[in-house]
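Comments concern the structure below.
The values are calculated or read from the model by the stated rules, or taken from the named source; none is laboratory data. The shown structure was predicted, so the numbers you read here are calculated from the model rather than taken from an experiment. Quick reminder, even Gly has a Cβ in these numbers, built from the backbone with ideal geometry, and neighbours come from all protein chains shown.
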Amino acid sequence: MADKSKDTAAASGDLVDMANKPPAPRSELEIRKSNEAIGLRVVSGRLTLLNRKVFNVLMYHAQRIRKLGQDAPIDTPAAQKYFWVPLSVLARNASYDSRDMQFLREQIAEMQDIKLLLETDRQWTSERLIASVTFVNPKGLHSRSGQVWVGFAFPPEVHESVMQPETYTRLSIHYQGLLKSGTALALYELCRRYATNPSKLTSTYSVEHWYGLLTGNPMPEKPEDLPEYKYFKRDVLKNAIAEVNRVTDIEVELIEHKLGRRVQQLQFRVEFKPETQNEPRTPFTIDLSLLEKLMALGMTQQEGSNVIGEYSDEKISQALAVVEARISAASGGPIHSKVAYLRWALKSDAKLPEKKAEPKVKNGVVPDGPTLLERFLAARAKLALDVFKEMDADQRTATYEQFKGQATGKVPTLDKALEHGVTRTALSLWYADALWGEPTVEKLSHFADKSQVLI
């Protein structure tokens, strides 16, 4: 992982030995993160907001301690092969303020399942994020007294990168504590690396490459399994850019490189903010009660953590209420994916049809135009299509097969269906009816009053 060549396009920082540097206050905690470790390419597992934060905190303590076995809470040969830090200190530095230490332990342990591809011009390495982790309480692991310590060790290439970075970027733990999503933290690190570059520009990568860097997801085997760029921009890029610009010490701007009308490559322009804008803020924390509710719908811990990072607690609670109301409703068929329905509900504020002025009556005659029922069905069909798009690939395929089973005439394949106007309309109307049942007088009345669909 450690490339001895100098990266002239990135800030290297000054190589200051931290061996005798005392622990800094929380707002001043700083790591030297190897430029190769910024923008890791994940091939297995997923980098979430919490384990991104925890990994950076582990790096900080390893660089502060420097000596394996230092402060080991037990006297064993194996203990001398770990860096040691109290679990409570790690949690505080990672802005994890919940009392549920079991969940934090699980998240740290799952970091061993994250497999990375580390590649330079002279070396290719397949590596894990963390080689080993152990939890020790000298008074007994399940005792209410004593202190729980975390012992951790990096794989060889990661260890070399953490402890002896050749070219690196200084990153403040303070700012990562303010960010609410893993994609925003990834974007911050990637752009912060180039903030001291005279050009103020990041490297230019393909859209697919940026998708992997920012989401922390493994790249799909099939290119068609990647989201369309317009959805990637809407759901990932815009939110991450806005968050970085709002709470960190840099300002970033998206630059799109097109071939014809298609966006093929991206880069970012990066500027430091004036120091007067860097005011202290309260770090972001995770509400575990919300996480449990999200997981009850079928989300993994990682997915739920990212949702909590991306949306406010109030918005998530409202979306959960929408899902619960739909599950409890007497009308409508089964929900093919509760997770997709929730994701739609989280985004639906921006997708509800705009309120239209009531048609004016002239000489006792209403001008020609769509009826209330037609407007209702069209608006509801649009929302149903949004829900359909939030499903994963397998769920979309299964739902589309059900649609084909009742359709008359020739129906195109799923990959062409949304581009085919007639099929897209038929699918939208069918799925709206499957989700919410026949229109009722109450729903039509609500739509007429509020220009919204009561589902």
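Within the stretch 206-235, the residues that satisfy the criterion of being assigned to a helix (DSSP H, G or I) and within 18 Å of ILE38 (Cα to Cα) are VAL207, GLU208, HIS209, TRP210, TYR211, GLY212, LEU213, LEU214, THR215.
The criterion of being modelled with pLDDT under 85, more than 26 Å from THR169 (Cβ to Cβ), touching a helix residue (DSSP H, G or I) at 6+ places or on another chain (Cβ under 6 Å) and outside any helix (DSSP H, G or I) holds for MET299. Annotation note: Cβ proximity below 9 Å between a residue of the stretch 254-269 that is loosely packed, with under 15 Cβ neighbours inside 10 Å and a residue that is of a type outside the set (D, E, K, R) and part of a loop (DSSP other than H, G, I, E, B) (sequence gap 6+ or interchain) occurs for ILE255/THR202; ILE255/THR204; HIS257/THR204.
Checking the stretch 205-215 against the condition returns a match, with at least one residue being over 19 Å from the mean Cα position of the chain (by Cα) and either at pLDDT below 85 or over 30 Å from VAL387 (Cα atoms) (or both). Considering only residues in the stretch 382-404 that are of a type in the set (Asp, Glu) and without any contact (Cβ under 8 Å) to a residue 24 or more places away in the chain, the one that is nearest to SER337 (Cα to Cα) turns out to be ASP394. Of all the residues in the stretch 161-180, those that are surrounded by 24 or more Cβ atoms within 10 Å (Cβ to Cβ), of a type outside the set (A, V, I, L, M) and under 28 Å from GLU243 (Cα atoms) number 4. Under the condition of being within 19 Å of ALA131 (Cα to Cα), touching a residue at least 12 places away in the same chain (Cβ under 8 Å) and of a type in the set (Ser, Thr, Tyr), the residues counted in the stretch 50-107 number 2.
Taken over the stretch 375-388, the criterion of being modelled with pLDDT under 80 and of a type in the set (Lys, Arg) is satisfied by ARG375 alone. For the stretch 312-328, the set of residues classified as surrounded by fewer than 18 Cβ atoms within 10 Å (Cβ to Cβ), among the small types (Gly, Ala, Ser), part of a helix (DSSP H, G or I) and within 24 Å of the chain's Cα centre (by Cα) consists of SER317, ALA321, listed by residue number.
Could you go through the stretch 192-202 and let me know if any residue there is modelled with pLDDT of 85 or more and in a helix (DSSP H, G or I). The answer is yes, given that some residue of the stretch 192-202 is modelled with pLDDT of 85 or more and in a helix (DSSP H, G or I).
Of all the listed residues (VAL89, VAL158, VAL133), the sole one being of a type in the set (A, V, I, L, M), in a helix (DSSP H, G or I) and either surrounded by fewer than 18 Cβ atoms within 10 Å (Cβ to Cβ) or in contact with a Pro (Cβ under 7 Å, 6 or more places away or on another chain) (or both) is VAL89.
With the requirement that a residue be part of a loop (DSSP other than H, G, I, E, B) and either outside the structural domain of ARG105 (by TED's automatic domain parsing) or at pLDDT 85 or above (or both), what does the stretch 161-180 give you? Within the stretch 161-180, GLN164, LEU179 meet the criteria.
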